[in-house]
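Participant: Below you will find the structure I want to go over with you.
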Amino acid sequence: MANTDALEIKGLIKRYKDFTLDKISFTVPSGTIMGFIGENGAGKTTTIKAILDLIKADDGHVSILGYPSDKLPMDVKASIGVVFDGSNLHENLNVNNVGYIMKSIYKNWDTELFSQYVKRFELPQRKIIKEYSRGMKMKLSIAIALSHHSKILILDEATSGLDPIVRDEILDIFLEYIQEEDHTIFLSSHIISDIEKVADYVTFIHKGRIVFSESKDELIYQYGILHCRKEDVSGVDKNYIVGVRENSFGADVMIKRKEEFLKRYRQFPIDRTSIEEIMLFISKGKEML
Amino acid sequence: MNGLICKDIMNLRKNAKIFAVLAVIYAVMGFTSEDSSFFSSIFTMVVAILTLSAYSYDEIAKWDIYALTMPISRDDIVRGKYSVMLLLAFLGLVICSLFTIGINAVLRPEHLFSGLKNGLIGAGIVIIFYCIALPFITKLGVEKARFIFFAIYMIPFGLVIFVGKAVKKGDMSIPEELMTFGMRIMRNGFIIFPLLILLALVISYTISVGLYRKKEF
């Protein structure tokens, strides 16, 4: 799988009455972590459902590990680990029951590995899932996703609603998992700090459209914040402006193509920015232009 | 698919105690009334109600959306549920038959196997009921399909009562040919009814698979 895309989405369209996933296209290179960010309702979960063939797209193409997502051979499907926002497991079952069921479902289920994760995550074996905390439920889902030697993990808001310590612990597990060069993670989240910590690439979806899908380092390198007087904003070529935030002292302007901008406007200093700021400027700042 | 059946059995196990108590109550009623037919006709249906519970558990856990990310096809999910339904109907039949034989052994040992057909009829009714209900559950989910179960139960009962009353009053007479036809079917029931049940199963399963393949989550 080296040098190929673990996940490829081309021109994906899904129309609902009040929302459209509009020609979504991006790729996730094998061996990397892709953070999929966007505000609530931007289309992250819908995209993931379309990737997993849980909803039928109106148009477009999705391939996972080189196979069309709607025609995945079972052995390929068995190498995809999925974690949703909730646990999706029956609350009256315990860890041993879950292990037994998964062993019957996955031919590549590794009982020993599952036991190791259960121990490592300190999941109580006698308690039923109903008595688990949200963090425990998420850890159990992650343990399942990791215990059948998945090549790709697809995680939908897997860290949301968890306290920072558990989140950090889970992110460390992802970083450990990605050490294998053919392992890939596609992680959707609206907690940008999590994405900033682990992702190699970031795809930003806003109102059903992809705003950018780039390497994290490139994003930080390309974007910057210009602090200037309000009246200076009109003098800047709008092609460089991503968004503007005005305050009582002046204006903060998110600039793209930073290098090029600095050559043209040598008088303006540009500050480093973060993915969170880029997302906020794109989501909220544009209307102010 | 084995994993899906295994999951349903594990989920339904917690009902075992309740059903054991129910079985004892019905058994005591059967012994005191010296009649096994009540137990036979009711218990298969009581056990079969667990099929609805299996659907409910999945719906509450939002299991299907998760299961479809595993090496499980949409057809497997439907097949799993039909298998569980048939297994439960069979379980009900086995319990009924054992009870009938038990009560016969105590009360009338010379007719040890008499009354076994009540259990078979019960199992047949259960399967026909689910053959009608399962496509609705597949399409609407068990919660939304509840009114359909009511209709499936009530319409045939209502019709029988209505026709029965009308015949008694003399407002309606059953044509001679229909009676003869009905009698002929009853005489050959042990061949005709299993074939009808099989046909109903094939049609119901095909419809459910068709509906589930198009389902969005």
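Participant: Over every pair of different alpha-carbon atoms in segment A:148-271, take the mean of 1/r and invert it; report that Kirkwood radius in Å.
Facilitator: 17.0
Participant: Counting helices only, and only those DSSP H runs with n ≥ 4, report the 222 nm mean residue ellipticity of chain A as the sum of -39,500 (n - 2.57) divided by its residues, in deg cm²/dmol to the nearest 500.
Facilitator: Taken over chain A, the calculation gives -8500 deg cm²/dmol.
Participant: Using a Förster distance of 30 Å, how high is the FRET efficiency between residue B:159 and residue B:206, based on the Cβ-Cβ distance and rounded to 0.05?
Facilitator: FRET efficiency, residue B:159 to residue B:206: 0.70.
Participant: So what does the Cα-only Debye profile of segment A:171-221 read at q = 0.12, 0.16, 0.20, 0.26 Å⁻¹, as log10 I(q)/I(0), no solvent term?
Facilitator: Here the Debye-derived log intensity ratios amount to -0.29, -0.51, -0.76, -1.13.
Participant: Using protein heavy atoms only (no ligands, DNA or RNA), what is the total accessible area buried between A and B, 1.4 Å probe, nearest 100 Å²?
Facilitator: Its buried surface, counting both partners, is about 2500 Å².
Participant: Keeping all protein chains in place, calculate the accessible area per residue for segment A:5-215 (probe 1.4 angstrom), answer in Å².
Facilitator: Ligands and nucleic acids excluded, the result is 41 Å² per residue.
Participant: Then there's this: Based on alpha-carbon atoms only, what is the radius of gyration of segment A:5-215 relative to the globular estimate 2.2 N^0.38 Å?
Facilitator: 0.99
Participant: What residue among A:96, A:108, A:239 has the largest mean-square fluctuation in a Gaussian network model of chain A, using Cα springs under 10 Å?
Facilitator: A:239
Participant: Between residue A:96 and residue A:112, 0.36 nm times their residue separation minus their Cα-Cα distance comes to what?
Facilitator: 4.5 nm
Participant: Taking only protein heavy atoms and a 1.4 Å probe, what accessible area per residue, in Å², does chain B have with all protein chains in place?
Facilitator: Heavy-atom accessible area per residue stands at 56 Å².
Participant: A further question follows. Size of the dipole of the protein assembly as shown about the Cα centre, Lys and Arg at +1 and Asp and Glu at -1 on the beta carbon, nothing else charged, in debye to 20?
Facilitator: Approximately 1440 debye in magnitude.
Participant: Along the three principal axes, how long is the protein assembly as shown when you take its alpha carbons, biggest first, rounded to the nearest angstrom?
Facilitator: The Cα atoms of the protein assembly as shown stretch 108, 56, 43 Å along their principal axes.
Participant: Could you please state how large a percent of the accessible area of the protein assembly as shown is carbon and sulfur, counting protein chains only and using a 1.4 Å probe?
Facilitator: That share works out to 60 percent.
Participant: Whole number in Å², please: accessible area per residue of segment A:223-288, 1.4 Å probe, ligands, DNA and RNA not counted.
Facilitator: Per residue, segment A:223-288 has an accessible area of 58 Å².
Participant: Right, another one. With unit charges on the beta carbons (Lys and Arg positive, Asp and Glu negative) and the dipole taken about the Cα centre of the protein assembly as shown, which residue among B:16, A:233, A:4 sits farthest to the positive side?
Facilitator: B:16
Participant: About its Cα centre, what dipole magnitude does chain A give when the only charges are +1 on Lys and Arg Cβ and -1 on Asp and Glu Cβ, stated in debye to the nearest 20?
Facilitator: For this selection, approximately 620 debye.
Participant: What size of dipole, in debye to the nearest 20, comes out for segment A:143-289 about its Cα centre when the only charges are +1 on Lys and Arg C-beta atoms and -1 on Asp and Glu C-beta atoms?
Facilitator: 1040
Participant: Highest GNM mean-square fluctuation, chain B, Cα pairs closer than 10 Å: which of B:108, B:187, B:74?
Facilitator: B:187
Participant: By DSSP, what percent of the beta bridges with both residues in the protein assembly as shown are antiparallel, rounded to the nearest 5?
Facilitator: The antiparallel proportion sits near 65 percent.
Participant: Gap in Å between the Cα centre of segment B:153-217 and the Cα centre of segment B:92-138?
Facilitator: 19
Participant: Just name one of A:160, B:100, A:146: the one whose Cα is farthest towards the positive end of the charge dipole of the protein assembly as shown (beta-carbon charges, Lys/Arg +1, Asp/Glu -1).
Facilitator: Of the candidates, B:100 comes out farthest on the positive side.
Participant: Computed over the Cα atoms of segment A:223-288, what is the ratio Rg over Rh, Rh following Kirkwood?
Facilitator: Across segment A:223-288, the Cα-based Rg/Rh ratio is 0.92.
Participant: Hey, what D do you get for segment B:12-164 in µm²/s if you plug the Kirkwood alpha-carbon radius into Stokes-Einstein at 4 °C and 1.567 mPa s?
Facilitator: 76
Participant: Over segment A:223-288, what relative contact order in percent results from Cα pairs under 8 Å that are six or more residues apart?
Facilitator: 43
Participant: Same structure again: Add -39500 (n - 2.57) for each DSSP H run of 4 or more in chain B, then divide by its residues: what number comes out at 222 nm, to the nearest 500 deg cm²/dmol?
Facilitator: -27500 deg cm²/dmol
Participant: Gain in length, residue B:180 to residue B:117, computed as 0.36 nm per residue apart minus the alpha-carbon separation, to one decimal in nm?
Facilitator: Residue separation times 0.36 nm, minus the Cα-Cα distance, leaves 20.4 nm.
The values are calculated or read from the model by the stated rules, or taken from the named source; none is laboratory data. Note that this is a predicted model, so its numbers are computed, not measured. Glycine also receives a Cβ, built like all others from the backbone with ideal geometry; neighbour counts cover every protein chain displayed. All accessible areas refer to the heavy atoms of the entire protein, side chains included, with ligands and DNA or RNA removed. Shrake-Rupley method; radii C 1.70, N 1.55, O 1.52, S 1.80 Å.
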